[in-house]
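The values are calculated or read from the model by the stated rules, or taken from the named source; none is laboratory data. Quick caveat, the model's predicted, so the values are computed rather than measured. As a convention, Cβ positions derive from the backbone with ideal geometry for all residues, glycine included, and neighbour counts pool all protein chains shown. The accessibility values were calculated without ligands, DNA or RNA, using every heavy atom of the protein model including side chains. Shrake-Rupley method; radii C 1.70, N 1.55, O 1.52, S 1.80 Å.
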Amino acid sequence: MTILLDARTSNHMPVAIPGPPIERFTMDTPVLVGQVGLSVPTATLGTIRAQLQGQVGLYILSEDIFAPIIQIDVVRGMSLSDPIIHTTYVQYQPTQVQNQSVSFVAADYNVPPPPSGLLVYTLYVTALVLDIGRSGPECFNVSVYTD
């Protein structure tokens, strides 16, 4: 029988900002937009698995000769040097100057019990071109289970 160990939500920007945003992503610089810490007992038996989902809102600020590309990474841990468990790339047409929303679903299977009892997942977003703004929402949800 499946047992829910913990479920957490990181809600950095709960709603979208209409129109051009105040803040921009810096090109090629990962930005932490969500992080959750889940309680997982160190003596947990069975296969530990996590279900992750998130949403990132962005705004393409200007038409460009280059197609806007965004990268979304989820790591098991607190920094980009930790194991990457999910990566998504989304590319838009250069003429799509407006609010955009990216949703993702990911899974982490056979997770080792954390020695501290705290299992952390972190969501990073990287703009791979100039002129992409943070318009929200920025939401990240993780549930962890065993059997």
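Nearest 0.05, what FRET efficiency do Met78 and Thr2 give at R0 = 25 Å with Cβ-Cβ as r?
The formula returns an efficiency of 0.35 here.
Once you've got the GNM for the chain with C-alpha springs shorter than 10 Å, pick whichever of Ile69, Ile48, Ile22 has the biggest mean-square fluctuation.
For the chain, modelled as a Gaussian network with Cα springs under 10 Å, the answer is Ile22.
First obtain the Kirkwood hydrodynamic radius of segment 1-68 from its Cα pairs, then insert it into the Stokes-Einstein equation at 10 °C and 1.306 mPa s, and state the resulting D in µm² per second as a whole number.
Estimated diffusion coefficient is 99 µm²/s.
Using the crude model of +1 on Lys and Arg Cβ and -1 on Asp and Glu Cβ, and no other charge, please compute the dipole size for the chain relative to its Cα centre, in debye to 20.
280
Gln53 to His12: extension gain in nm, 0.36 nm per residue of separation minus the Cα-Cα distance? Write out the running numbers ahead of the final one.
Details: separation 41, 0.36 × 41 = 14.76 nm, distance 1.42 nm.
Length difference between fully extended and current span is 13.3 nm.
Along the charge dipole of segment 1-76, pointing to its positive end and built from +1/-1 on Cβ of Lys, Arg, Asp and Glu, which listed residue (Val15, Ser62, Gly37) has its Cα farthest out?
Toward the positive end, the furthest listed residue is Gly37.
Roughly speaking, what is the stretch gain from Asn110 to Glu63, that is 0.36 nm per residue apart minus the C-alpha to C-alpha distance, in nm to one decimal? Please list the in-between numbers first.
Details: separation 47, 0.36 × 47 = 16.92 nm, distance 4.36 nm.
Separation in residues times 0.36 nm, less the Cα-Cα distance, equals 12.6 nm.
In Å, what Kirkwood hydrodynamic radius results for the chain from the alpha-carbon pair distances?
In the chain this quantity evaluates to 16.0 Å.
With the full set of protein chains in place, find how many percent of the accessible area of the chain is carbon and sulfur; take the probe as 1.4 Å.
55
Where is the GNM fluctuation largest for the chain (alpha-carbon springs, 10 angstrom cutoff): Ser39, Ser81, Ser62?
Its mean-square fluctuation being the largest, the pick is Ser81.
Sticking with the crude label model, points 7 Å out along Cα→Cβ, report the distance from Ser101 to Asp147 in nm, one decimal please.
3.4
Just grab the label-to-label distance for Ile22 and Leu130, each label 7 Å out from Cα along the Cβ direction, in nm (one decimal).
With each label point 7 Å from Cα toward Cβ, the separation is 2.4 nm.
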